[in-house]
Each structure stands twice: as C-alpha cells, then as structure tokens.
Amino acid sequence: MYLNHVRIEDTFAEAFPMCAARLVVTADCEEWAIIAARAAAGLAHSIVGCNCEADLAGSIAPAQTPDGRPGVAVLLLTTSKEAMQQELLKRIGQGVLPTPTSACYNGLDFTETIAVGGKIRYFGDGYQSSKFLDGRRFWRIPVADGEFVVEESFGVTQGVGGGNLLIQAASQSIALEAAQAAVAAIRNTPNAIAPFPGGVCRSPSKIGSRYKTVIASTNHPFCPTLRAQAESQLEPAVQAVYEIVINGLSESAVRQAMKAAMIAACLPGVIAITAGNYGGKLGPYHLHLHQILTE
Amino acid sequence: MGLKLHFHLSDPLPIDASPLLPQHLLHLGSESLLEVRVSVGNQVVPLGELCRLSQSPESQPDELCFSGNTRHLHRVGMGMQSGRIVIEGDSGSLAGANMSGGELLIHGQAGDLAGAGMKGGLLQVFGHAGDEAGANLVGNSLGMQGGVLLIHGDAGREAGRRMRRGLIFIDGQAGPLAGADMRAGTLLVTGSLGQHPGIGMRRGSLVASRLLEPPLGFLPAGVASFIWLRIYLKWLAERGCAVPETWREANFHRLAGSTAEINKGEILIYDPN
C-alpha cells in the first residue's frame, strides 16, 4: 500500500495491556502547570529502563480543572497497579509537589483506585489536613508558598502500550521532520501519548543481546550504518529510521493516534513506514497498519 | 410523575411532617396515602384532613411537593434517605434534620435547626434560615456529619455548631457563634461572621468576607490563596450558588485556632487588597 508515495508495509505493531493513570496538574499559570507536569512525566520513556512510560496529554482549560486554574493532563502507563502506585508517589511527591503553586488531581473516573495523596500527605508531618467534597478527598499539605493540594485516590484502568511506527527516510533530516509531524498529530489525538523525548526514539530496541546481562539492545537490522556488517531490513535508499512509540488509554485511542501519525509522516523523502512486532507472541493487540489506515 | 400535597389548614398548630418522606409515601396508592397518620399539635389525624393531594406531572417521579400553608410543617425531610422534597413556601423547624440522602429544597424561609445532624444529601434554602442550621440536635454530640447545606440568605446564631463533616454555604450573614465547637467540615459565609465565630473549634474551616470582631482563641497565620477553597467555590458556582467573584483568585487572611482546643481549625477572611 502507498500513501502519498510512501510505502506502508503490510505488517502490524504488537501492543499489550498496561496499567494506566491520568493526572490533572494545575498551577497559577499554564507555564508552571507545564513545568510541574513535565517533572511528573520525566524520564519515563521506556518501561524497560524507566518502569513507567508517560507524557503530557494536552492542556486543560481552567473551566475543566477542579480548581479553575490552567491545567495539563499527564498520562502514565506501568506494568501493574503496584508499580503505578510507586511511580505516582515518586513522581507527584518529588515532581509536582515542589513545583511552585502546583496541585495534582485524579483525571480518570474509574472504580479501581490507588492511594496517592493519602500517602503523600505524611510529608505534612502532622500539619496536613483534608477536605472532602462530593465524594472526593483532597489533602492540604503545608508548603512554604502556601499549600500543596493533592487528591487522595487516583483511578487506574487498563491501557494499551507498545503501539509503534518506524519511519524510514532518505536522510536523517527528512526522517526527523516526518517523525516530528507524526508526534504533532499524536498530540492532537485524545488519550494517546508518545513517551520518548520529543515523542521520537532513535534507538528502537530488540529483545535480548549477545551480552547476558542486557535485556534489550539496539535493533541492528534497522541501523543504516550496520548494513555491511549485519543483516539489514532497510532498502539501500534508507539512511535514517525513527521510531514513534504510542501508548493510550484504549486500543482505539492507540489506533487513532497511529493513523494520524502515519498520515502526517508521509512527507516527500520518506520511503517507507513499518512497525515492530514479535511475531504475534508478546501482545494481544495486533495493530495492522493497512487496516488502521482504512478505518 | 411526583405527588403534590397542598396544605390548607390555617390553624397554627405544629404539624410533624417527618412521616411524609418520598421513601415511605411514593409507593403507596392515593387512598392509603391519605390515611397516613400525622401529628398535629397533640392530636394524630389522617393526612387527608390536612391537605389536598394531586399528581405533579412536571416533577420528578421520586419527588414530593408541599405547597399552601407550609410554615407550620416541622421536621420536613427529617431522616430522609432518598428522593426529593420541594417546599413551595416556608418551613418550620428541623427541616432536613438527620437526613442522610436525597434532596430537600425550601423555596422560602427555614426555621431553626435546618439540616441539624445531617449526614448526607443536599438541603437548599432559598431564603433565610433560623438558628442552629447544621448544628447538633439536643443530646447529640455532633452536628452536621456530611452532605451539603446551601442557604441563599442569612443564617441565625450557632450555624454549624459541633459540625464534623460536610459543607454549609451561607450567601449572606451568619449570626453569633457560627462554627462554635466545630470538629471539622467547612462553613462558607459570603457576608460577615457574628460574634465569637469558631469558639472552641478543633478542626475545620470557617470562611467569610468580614469579621465583626476579632475571634477569641485564634492567632494570625499568614495571607495566602487557598487552592482547596477554589475547588469549593468552583463546585458551588457550578451548582448555581452566588459565589463572590472577588473571592475566586483572592488571598485570605488565615487565623488558626482555637487555642483553647487542639488548634487545628482555621478562619479565613477575604483580603480585598
């Protein structure tokens, strides 16, 4: 299949269920809300080394946030509910709490919840207090610019991780331009994120390595400079490949984001778009590129 | 389709309306309903002698509407767990006392002890409320323990006395001793607080535009913008409450107390500067 003269490989991305949470981070102005949200989503690119994949998931207008201030959504995915609790405690406690004027709320309405503010409150050393309104408890933790407010419980749900695209182009600059266009399209899609730095990954990985202690290593068939030394999956004209990893709150959110990303990435100079999978043995979600484009 | 009870008695004897709850009445047929026994003064009479019954097509199916001479109806919605009661007029004392769910709307003035001992649900008074709104009932150690009491007018003395949880919003002035002996919870007053607010307070928040006099047992604790208050103000505004526009992004003077108790309560006073 060709889209705007770009070959779309007849293959699929293999995705798998993950535990997902959504934060609403607010502050007195959008600038500080973004800073706090970025702190919460920091170093959360790959589950392999970070235990968490996260990214900002869009701005929220003051009318839509609990405290009427500018807000930013953060989507996080981990392997389990327990891991999510650890990540939220760390990321809200060390990322959002210290950021001036910030507050942090649950952004998911699900029955399954984990205690977050209910544990972070102990930072208040006995001076914390809470407010309970309309079924939601908010903890007030005294800090040096006033109070940090955090919701007691955060909802978790089953999300989908591992959606991906590999954009192959005739030069590094074209590949990066296409990847950035793809990420911009993903960021306009609700409930989906691209967790790598800037949404783009230059180091797609394969499972395992020739070294026993390394669980993931460079995906050498996609490295253009290894063509003379190892088997390659790249045609001769391809000089650079960027991977876009896409996670979301649901399979449909990931599919929608992949479609938007593929359409946006088909720029002149892009040769092919493919996806990574493990032969269908790893994840239950097989996201076929051709099928997604016809949806 | 709900039911409408039009009370036609001009007799000033108090009527105990506590048996007239949606959870008890709405599944009854009209004949059984008119036979429900109600105390009037020291007599017990069938409901049919006090009011005229009609269907109310515009109302919700779980709604009871009281109209006519409702001023002598006491204990309306007392112990209510679900459904909705609308009073088209004033109510007597103890409206919504001990209610734990549902909704009670009073389109007039409420007597004393409105929402006293309330544990859940929503009580709205579209007029002034008497003394001891949301306070504890005689013999009980705790006042309001949950739910929301919205008073779109002034409240008398001792509003929120010994309250433990929940929210009271007074769009007007509060009389003396508001929040006295408060255990926790939130009492918002768009106007001023009368004498001795929060006296004996342990935890909780009293918020107002002005103080008539410095509160006893409270010490100044800074000026700040309180995010939890913004959450409450937004929530109230979304439910049609006349939250002062100037409060939304304002700073408040915090007074911590009561020093006669465990000193974990607060009075927040709007800072116009």
Over all residues in A:65-77, what is the mean tally of Cβ atoms on other chains that come within 10 Å of each residue's Cβ? 3
Ordered by residue, what ³J(HN,Hα) values in Hz, to whole numbers, does the stretch B:79-91 give under the Karplus form 6.51 cos²θ - 1.76 cosθ + 1.60, where θ = phi - 60° and Gly and Pro are x? x, 4, 10, 7, x, 8, 10, 10, 10, 8, x, 7, 10
To the nearest 10 degrees, the tilt of helix B:227-238 (Cα long axis) against the first principal axis of the alpha carbons of chain B is 30
For a test of the definition: using alpha carbon positions, the gyration tensor, and the 1.5 limit on a/c, classify the protein assembly as shown as rounded, prolate or oblate. prolate
Could you tell me the distance between the Cα centroids of the stretch A:1-60 and the stretch A:225-295, to the nearest Å? 16
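For the protein assembly as shown, what is the calculated [θ] at 222 nm in deg cm²/dmol (nearest 500), taking -39500 (n - 2.57) for each run of four or more DSSP H residues and dividing by its residue count?
-4500 deg cm²/dmol
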Could you work out the relative contact order of chain A? I mean the mean sequence separation of Cα pairs under 8 Å and 6+ apart, divided by the number of residues, in percent. 26
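When a footprinting reagent is the concern and you count Cβ atoms within 10 Å, what order do B:Lys264, B:Lys234 take, fewest first?
B:Lys264, B:Lys234
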Kindly put B:His128, A:His5 in sequence by how many other C-beta atoms sit within 10 Å of each C-beta, fewest to most. A:His5, B:His128
I need to check one value: relative contact order of the stretch B:48-185, counting alpha carbon pairs closer than 8 Å and at least 6 residues apart, in percent. 15
How far is helix A:251-265 tilted off the main Cα axis of chain A, in degrees rounded to 10, range 0 to 90? 50
To the nearest Å, what is the center-to-center distance of the stretch B:22-63 and the stretch A:141-160, using C-alpha atoms only? 48
Can you sort B:Arg203, B:Arg75 so the residue with the fewest Cβ neighbours within 10 Å comes first? B:Arg203, B:Arg75
Here the FRET efficiency for B:Ser82 versus A:Gln233, based on Cβ atoms and R0 = 60 Å and rounded to 0.05, is 0.40
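Summarise the partner chain shielding of B:228-237 as one whole number: the mean count of Cβ atoms from other chains within 10 Å of each residue's Cβ. Mind dumping the intermediate values first?
On the way: counts 12, 4, 9, 14, 6, 2, 7, 6, 1, 1.
That works out to 6 on average.
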Just checking the output field for B:179-187: average partner chain Cβ neighbours within 10 Å of each residue's Cβ? 1
In degrees from 0 to 90, rounded to the nearest 10, what is the angle of the helix A:30-40 Cα long axis to the longest principal axis of chain A? 70
Once you keep just the Cα pairs under 8 angstrom separated by 6 or more residues, what percentage relative contact order results for the stretch B:107-212? 19
Highest-first arrangement of A:151-157, A:239-245, B:58-64, where packing means the average Cβ count within 10 Å: A:239-245, A:151-157, B:58-64
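Laboratory data are not the source of any read-out in this text; all were calculated from the coordinates shown. Model, not experiment: these values are computed from the prediction. Heads up, the Cβs are rebuilt from the backbone with ideal geometry, glycines too, and the neighbour counts pull from every protein chain shown.
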